[in-house]
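Heads up: the structure comes next, in structure tokens.
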Amino acid sequence: MPETSPTTHSHVTWQAHLSATPSAGFEILAITAGEGNGWRFSPQVLQASLPLWEGVKCFVDHRAGPRSLRDLAGVGESPTYDPQAEGIRLRLRPLGPAADLLERLGEQVLADPLPRPALGFSADLIFTAEGRQVTRIVRVLSVDLVLDPARGGTFVRRLAVASLSTSDPLKGDPMDDPTTPTPQPQPQPQPTPAPSAEVLCQHLLESTLAAAHLPPALTAQVRARFQGRTFAPAELQTALAEAHHLVASLNQAGVVQGPPRVEGMASSEDQITAALFDLLGVERPPELRPLHVARLSGIRELYLRMTGDQDFRGGYDAERAQFATTADLPGVLKNALNKLILAEWQELGRSGYRWWEPIVSVEHFSTLHPVSGVLVGEVSALPTVAEGEAYPALSLRDSTEVGNWVKAGGYIGLTLEMFERDETHKLRQVPRKLANAALRRLSGLVAAVFTAQNGVGPQMADGYPVFEAPHHANLGSAALSAAAWEAASAAIYEQRLLSPEGSAGPKLALDARYLLVPRALRLTAMRILYPAFEREVNIFSENLQRGQYGDVITVPEFEDANDWAAVADPRLAPGIIIAERFGLLPEIILADDQHSGALFTHDEVRLKVRHWCSVFVADYRPLYKSNVTA
């Protein structure tokens, strides 16, 4: 009988230790109590929603519609309510294609105390509300990493994770060593507590002083100033900048001076232009941003320095003018005011004045000839070409609609008295008034397509108005409702495209995209296009950064409280054309110089304002109007 060896039991001791591996993740504040994008979240509502945050996905950036797997950055776990911060804390575990970006940004945010962009987390929620007060969070869609988060989301700290490693390398086969003692259970590692603000400030102080390389006396002085208290990083950076400036001043005498290197040159014209931009509150162009110029007290000082006209006689005194420049006062003013018009145009657009932009096509033309042939017809079908036969010419039919240019404008008179009284505030208002007037003019021209001739629009080349039922099939009389919107979309869809005479063009096959309404119908329109508003009035599904929807458009010129219109996407089917010759913005043109013209005859600097454009309907098919009968 063979000899049986005794069974040998061996135990290998594995020791757990904490290591900050990339999978450790972060502790974050997902949302805090307060107001975000006009919605008010109470601590009680957040605390009641705690179970909804388990397993929430984290994407990079908010985005409308279905989310892409490429943007997935992590998943939230172990939600808790923080009564001190009045918010939801999560353990955010990096996961997905964007996890590396989350890791890098999180480490930089937590490591770098210097001023930086507002980077944090914004929640995408579905909730119920009474007025603007949120009463219940129904669902948490995601917690996304964004710039300028809406409601308090931020990184809190880096988490450590337990990983296993052997206490010693194995020598031979552990199964051969019967004397290996059985290990006792090791205590579980405790999570690392978050350091206090005072401890973080002291770490920041010492690391910053070590990198500053200041003399020992100055290092001790800065340390004594900040030690033992909390402070803002900007305060420490200011103190270090002052210390470096002091060291540079003390050592300046011992520096060997060599020939300076010319890195840029600024003329007197550049300096006065930069000063004028600052006076009017205009952002300087890139080439003028590095200049350090004295601030002008007002337009009186500008006038005196550029003209030398100390007695305000309305002339130019070269001996007294303080700026030796080839540019004169009207020219400098013209450049600055054109910049201001651009800034005001953009600002007014963000406020909703450019409602017409989504529904028109803007075309640039290099001449002022009447605009025609903008719309080209369709090829109804490609004919068959037999082998060896020549290709036939395809017959196209152009639109016969013509747009005529309309010029509007006038001049701005800046009087001598205005400069003498130093009425800078009036000069600042000039660009705002011009931009506003141009926007309202364009708004009125586009709105007239829907309101002219008692709501049927201007006359077209075929002898019918834009909106006409028997021939254009794009005019109705139904009040706004879901059924009426569907009928309008169907009418646009069934329109036949331009085609050669004698052939049936293909269908437009596009639904209506934009719903144009007066202010009184805006809520009704939103309930139709967004079903959540129709099903339950106090249910809102809104990304906290996305803002309002764009396909319900309020037209200020719609005077009738019941009429409405529908428009297809102009990128696919252009209907309304805005033709521009020198741009959509009004332009300021120099009318005089400082030696002649109105400055000589009327004590007035005249700046001409001109606005060229043409607004017309190239095709009625993508448009629909409902003139509701009383």
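The values are calculated or read from the model by the stated rules, or taken from the named source; none is laboratory data. Note that this is a predicted model, so its numbers are computed, not measured. Here the Cβ positions follow ideal geometry from the backbone for every residue, glycine too, while neighbour counts run over all protein chains shown. Only protein heavy atoms, including side chains, enter the accessible area calculation; ligands, DNA and RNA are left aside. Shrake-Rupley method; radii C 1.70, N 1.55, O 1.52, S 1.80 Å.
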Restricting the search to the range 416-441, which residues are surrounded by 21 or more Cβ atoms within 10 Å (Cβ to Cβ) and of a type outside the set (A, V, I, L, M, F, W, C)? Pro431
For the range 592-604, state whether one or more residues are modelled with pLDDT of 70 or more and not in a loop (DSSP other than H, G, I, E, B). yes
Of everything in the range 34-56, what is without any contact (Cβ under 8 Å) to a residue 24 or more places away in the chain and of a type in the set (Gly, Ala, Ser)? Give them in sequence order. Gly55
Which of the residues that make up the range 47-70 are more than 16 Å from Pro149 (Cβ to Cβ) and of a type in the set (Asp, Glu)? Glu54
Residue match in the range 442-455 (condition: surrounded by fewer than 13 Cβ atoms within 10 Å (Cβ to Cβ) and closer than 27 Å to Val360 by Cα): yes
Here's a check for you: in the range 44-83, which residue that is β-branched (Val, Ile, Thr) and open to solvent by less than 40 Å² (accessible area, probe 1.4 Å) is nearest to the chain's Cα centre (by Cα)? Val60
Considering only residues that are in a loop (DSSP other than H, G, I, E, B) and touching a Pro at 6+ places or on another chain (Cβ under 9 Å), which ones fall in the range 50-67? Glu54, Val56
Matching residues in the range 270-307 (outside any loop (DSSP other than H, G, I, E, B), under 18 Å from Arg421 (Cβ atoms) and over 29 Å from the mean Cα position of the chain (by Cα)) number 9
Ser443: more than 30 Å from Val282 (Cα to Cα), among the hydroxyl-bearing types (Ser, Thr, Tyr) and part of a helix (DSSP H, G or I), yes or no? no
Only one of these is at pLDDT 65 or above, closer than 25 Å to Glu27 by Cβ and not charged (D, E, K, R): Leu205, Leu218, Leu209, Leu240. Name it. Leu205
Only one residue in Ala448, Ala461 is aliphatic (A, V, I, L, M) and in a helix (DSSP H, G or I), so which one is that? Ala448
